[in-house]
1. Are there any pairs with C-beta distances below 7 angstrom linking a residue in segment 147-167 that is under 15 Å from Trp125 (Cα atoms) and small (Gly, Ala, Ser) to a residue that is open to solvent by 30 Å² or more (accessible area, probe 1.4 Å) and modelled with pLDDT of 95 or more, with the two at least 6 apart or on different chains, and if so which?
2. Could you please find all residues in segment 168-191 being touching a residue at least 60 places away in the same chain (Cβ under 8 Å) and of a type in the set (A, V, I, L, M)?
3. Of the residues Arg11, Arg83, Arg67, Arg17, which single one is in contact (Cβ under 8 Å) with a residue 12 or more places away in the chain, assigned to a helix (DSSP H, G or I), among the basic types (Lys, Arg) and more than 25 Å from Gly162 (Cβ to Cβ)?
4. Looking at segment 69-80, is at least one residue of a type in the set (D, E, K, R) and closer than 30 Å to Gln140 by Cβ?
5. Can you tell me which residue among Glu151, Glu128 is exposed (fewer than 14 other Cβ atoms within 10 Å of the Cβ), part of a helix (DSSP H, G or I) and touching an Asp or Glu at 6+ places or on another chain (Cβ under 9 Å)?
6. Return the residue satisfying two criteria in turn: it lies in segment 104-125 and is small (Gly, Ala, Ser) and in a helix (DSSP H, G or I), and of such residues it is surrounded by the fewest Cβ atoms within 10 Å (Cβ to Cβ).
Amino acid sequence: MYSGFMNTSDRLIESTRELLWERGYVGTSPKAILERAGAGQGSMYHHFQGKPDLALTAIRRTAEELRATAEEVLGGPGTPYERIEAYLRRERDVLRGCPIGRLTMDPDVIASDALRAPVDETIGWIRERIAGIVEEGKEQGQFASSLDGEEIAATVLATVQGGYVLARASGSPAAFDTGVRGLLSLLKSPTM
């Protein structure tokens with residue numbers, strides 16, 4: 001499944017990332033990881049201490065990728081409103097859900113301080129980044145001065161994560177898009 005140019009360790013990590021997204025931690029067996037990676041039976045234990053170590057590495061890589069993708073639009077050109085809009089409207093596989101957000105529904109990930117940490121850190125980073133952009137928009141008069149950056153950031157994240165759930169439940173990305181349009185209409189100031 002993976003390129004011949006990818007080393008065994010990277011194939012194991014990428015396979016684990018995909019399986020965690022598809023099946024969660026419990027549903028991701030070492031056998032499934034090895035099969036997807038096209039790796040031999042001892043490969044996982046040669047490169048990692050076991051499934052928890054490999055899963056942590058995979059979750060960290062997913063978290064780094066998600067942050068980089070978010071930063072591309074949140075740190076990109078445009079007004080604060082346009083950057084938040086770009087974040088909300090960026091291309092994503094809505095019906096598949098968020099690879100980090102889905103891990104919050106996995107009891108084994110949440111029960112493990114180590115596995116939960118990169119999930120929590122990533123969500124916190126995005127929340128702080130958006131809150132800062134909202135405060136910037138308030139200073140520029142784009143957002144009402146009564147808005148609280150932390151509250152709006154939490155609302156943006158809730159809209160995205162809830163939008164994934166609604167879209168998956170209905171089998172259509174339309175529910176996600178509707179939530180995004182609704183939030184953006186609330187963020188627009190009367191002068192915009």
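1. Note: pairs meeting the criteria are Gly149/Gly132; Gly149/Glu135; Ala153/Arg127; Ala154/Arg127.
2. Within segment 168-191, Val180, Leu183, Leu184, Leu187 qualify.
3. Arg11
4. Yes.
5. After applying the criteria, what remains is Glu128.
6. Out of the qualifying residues, it is Ala111.
The values are calculated or read from the model by the stated rules, or taken from the named source; none is laboratory data. Fair warning: this is a prediction, and the values are worked out from it, not measured in the lab. Don't worry about glycine lacking a Cβ; one is built from the backbone with ideal geometry, like all the others, and counts go over all protein chains shown. Accessible surface is based on the protein model in full, side chains and every heavy atom, while ligands, DNA and RNA are left aside. Shrake-Rupley method; radii C 1.70, N 1.55, O 1.52, S 1.80 Å.
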